[in-house]
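S.K.: My structure is below; once you've seen it, I'll send some questions.
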Amino acid sequence: MTPKQKIIIDCDPGIDDSLALIYAIKHPKLQVVAITVTAGNSPVELGVKNTFTVLELLNRLDIPVYQGASHPLSREFVSAQDTHGMDGLGENNFQLKSDYAVQEISAQQFLANYFEKKRQTSIIALGPLTNIAQALDLNPSLGKNCYRFISMGGSYKSHGNCSPVAEYNYWCDPHAAQLVFDKLGKKVEMVGLDVTRSIVLKPNHLEYMRRIDEEMTDFIRKITRFYFDFHWKYEHIIGCVINDPLAVAYFVDSSICTGFDSYTDVVTQGIAMGQTVVDHYDFYNKKANSHILTQVETNLFWIDFLTVILNAQKSLISDDLNFLKLG
Ligand code: RIB
Ligand code: CA
């Protein structure tokens, strides 16, 4: 039995963050060491509450939660509550069964302390990179001492989702994103819109999922309803792009995506603020600091994602998805 891979998830729950948390926490190949929360989709206090909502659902309140940045390094904070709801979870206003406490030290301090020495633990960042940037300031060896660093964010050739060229996580805090790409000291494995836009949760997925695990699907249906409406209104699609779970799936099995190494920089001001400038053709002649994903085998994503979150047999899910053409 291969040992579970240790991960710390830095996130901004957030609807798709919550789906990624469910997927990672239930995954048989992963051990979620801790969850660190940053402002992003929701104000950080709401992100913490939404994290506890997911941990309560999974009965995994043993996983420590650390509260991090309440605003970007220097920009004013702009949430994505228009997309995720004022409560950050699709306007369901879930009530927690108890008052849960975050850990005493900040997310940034926890990350800096944890990576004071080499660890076989990876970081999967699903939100703006403010916590990571501030932890790097506290501990410049953080990148060297973590095993892998995965970031859902940015885009190479795909259009932006909060400006013509910028993806939300890096637009929300472009200075943090630039600092991480520049100072991490290992490649940022960037799971950008070029690949996440192919991961669209559709009504037929929910109809199928309901038949396998009604309780889990009921929660997912509740939190994605608002997200479906947003996507119809602004992207004119029936369904919703679930970006963050792909970052987890890619960490578990990087063969589901293809990509290339490149030097990447992040625009921090002006009309293109938050854009990832991917130097694929090496104009700047700089050392590659990122691995940029360009294609994904969506069927392989859905098989693993649904197998894990629905506690199902992989063979059943695989056969059904192929038969129902849901991949
Ligand atoms: O642009 C999509 C990303 O921004 C996702 O991580 C979503 O949760 C938001 O944080
Ligand atoms: Ca997110």
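The values are calculated or read from the model by the stated rules, or taken from the named source; none is laboratory data. Quick caveat: nothing in here was measured; it's all calculated off a predicted structure. All Cβ positions, even for glycine, are placed from backbone atoms using ideal geometry, and neighbour counts span all protein chains on display. Accessible surface is based on the protein model in full, side chains and every heavy atom, while ligands, DNA and RNA are left aside. Shrake-Rupley method; radii C 1.70, N 1.55, O 1.52, S 1.80 Å.
S.K.: Could you tell me how many of the residues in region 158-183 are in contact with a Gly (Cβ under 9 Å, 6 or more places away or on another chain), within 30 Å of residue 234 (Cα to Cα), away from ligand 1 (no atom under 11 Å from the Cβ) and open to solvent by 40 Å² or more (accessible area, probe 1.4 Å)?
M.R.: 1
S.K.: Which one is nearest to residue 114 (Cα to Cα), of the residues in region 1-32 that are over 12 Å from the mean Cα position of the chain (by Cα) and either crowded, with 17+ Cβ neighbours inside 10 Å or within 16 Å of ligand 1 (Cβ to nearest atom) (or both)?
M.R.: 7
S.K.: Here's something else I'd like to know. May I ask you to verify whether residue 95 is of a type in the set (S, T, N, Q), in a loop (DSSP other than H, G, I, E, B), away from ligand 2 (no atom under 16 Å from the Cβ) and open to solvent by 60 Å² or more (accessible area, probe 1.4 Å)?
M.R.: In short, yes.
S.K.: Within the bounds of region 103-113, is there any residue that is more than 16 Å from ligand 2 (Cβ to nearest atom), of a type outside the set (Asp, Glu) and within 18 Å of residue 53 (Cα to Cα)?
M.R.: Yes, region 103-113 contains at least one residue that is more than 16 Å from ligand 2 (Cβ to nearest atom), of a type outside the set (Asp, Glu) and within 18 Å of residue 53 (Cα to Cα).
Residue-by-condition table, conditions (1) within 16 Å of ligand 2 (Cβ to nearest atom); (2) touching a Gly at 6+ places or on another chain (Cβ under 8 Å):
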{"residue": "204", "(1), (2)": "no, no"}
{"residue": "226", "(1), (2)": "yes, yes"}
{"residue": "250", "(1), (2)": "yes, no"}
{"residue": "274", "(1), (2)": "yes, yes"}
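S.K.: Now a separate question. May I ask you to list pairs of residues, at least six apart or on different chains, whose Cβ atoms are under 6 Å apart, with the first in region 291-312 being free of Cβ contacts under 8 Å to residues at least 12 places away in the same chain and outside any loop (DSSP other than H, G, I, E, B) and the second being open to solvent by 10 Å² or more (accessible area, probe 1.4 Å) and not polar (S, T, N, Q)?
M.R.: 307/314
S.K.: Also, I was wondering about something else. Looking at this structure, is residue 36 within 14 Å of ligand 2 (Cβ to nearest atom) and part of a strand (DSSP E or B)?
M.R.: yes
S.K.: For region 124-144, what are the residues that are assigned to a helix (DSSP H, G or I), open to solvent by less than 10 Å² (accessible area, probe 1.4 Å) and polar (S, T, N, Q)?
M.R.: Passing the criteria: 130, 131.
S.K.: Scanning for something more than 27 Å from residue 22 (Cα to Cα), out of contact with any Leu (no Cβ under 7 Å at 6 or more places or on another chain) and of a type in the set (Lys, Arg), does region 318-327 turn up at least one residue?
M.R.: no
S.K.: Using the structure shown, decide if residue 155 is away from ligand 1 (no atom under 13 Å from the Cβ), of a type in the set (Gly, Ala, Ser) and in contact (Cβ under 8 Å) with a residue 60 or more places away in the chain.
M.R.: no
S.K.: Tell me whether region 41-54 contains one or more residues that are open to solvent by 60 Å² or more (accessible area, probe 1.4 Å), not aromatic (Phe, Trp, Tyr) and not in a helix (DSSP H, G or I).
M.R.: no
S.K.: Please list, ordered by residue number, the helices (runs of 4 or more DSSP H) wholly in region 184-237 having 1 or more residues that are open to solvent by 80 Å² or more (accessible area, probe 1.4 Å).
M.R.: 203-212, 214-235
S.K.: Return yes when residue 73 is in a loop (DSSP other than H, G, I, E, B), open to solvent by 30 Å² or more (accessible area, probe 1.4 Å) and either more than 30 Å from residue 239 (Cβ to Cβ) or modelled with pLDDT of 95 or more (or both) and no when it is not.
M.R.: yes
S.K.: So, one more: For region 33-57, give me each residue that is of a type in the set (A, V, I, L, M, F, W, C) and away from ligand 1 (no atom under 16 Å from the Cβ).
M.R.: Result: 33, 34, 52, 55, 57.
S.K.: One residue is enough: does region 277-284 have a residue meeting the conditions aliphatic (A, V, I, L, M) and surrounded by fewer than 16 Cβ atoms within 10 Å (Cβ to Cβ)? Write out each step before concluding.
M.R.: Looking only at region 277-284, we keep the residues that are aliphatic (A, V, I, L, M), and these are 277-278.
Retained after the next criterion (residues that are surrounded by fewer than 16 Cβ atoms within 10 Å (Cβ to Cβ)): none.
No; the residues of region 277-284 include none that is aliphatic (A, V, I, L, M) and surrounded by fewer than 16 Cβ atoms within 10 Å (Cβ to Cβ).
S.K.: Additional query: With respect to the numbered conditions (1) under 19 Å from residue 191 (Cα atoms); (2) open to solvent by 30 Å² or more (accessible area, probe 1.4 Å); (3) of a type outside the set (Ser, Thr, Tyr), which one is the sole condition not fulfilled by residue 102?
M.R.: Condition not satisfied by residue 102: (1).
S.K.: Checking residue 198 against (1) under 18 Å from the mean Cα position of the chain (by Cα); (2) within 16 Å of ligand 2 (Cβ to nearest atom), which single condition isn't satisfied?
M.R.: Only one criterion in (1) under 18 Å from the mean Cα position of the chain (by Cα); (2) within 16 Å of ligand 2 (Cβ to nearest atom) is unmet by residue 198, namely (2).
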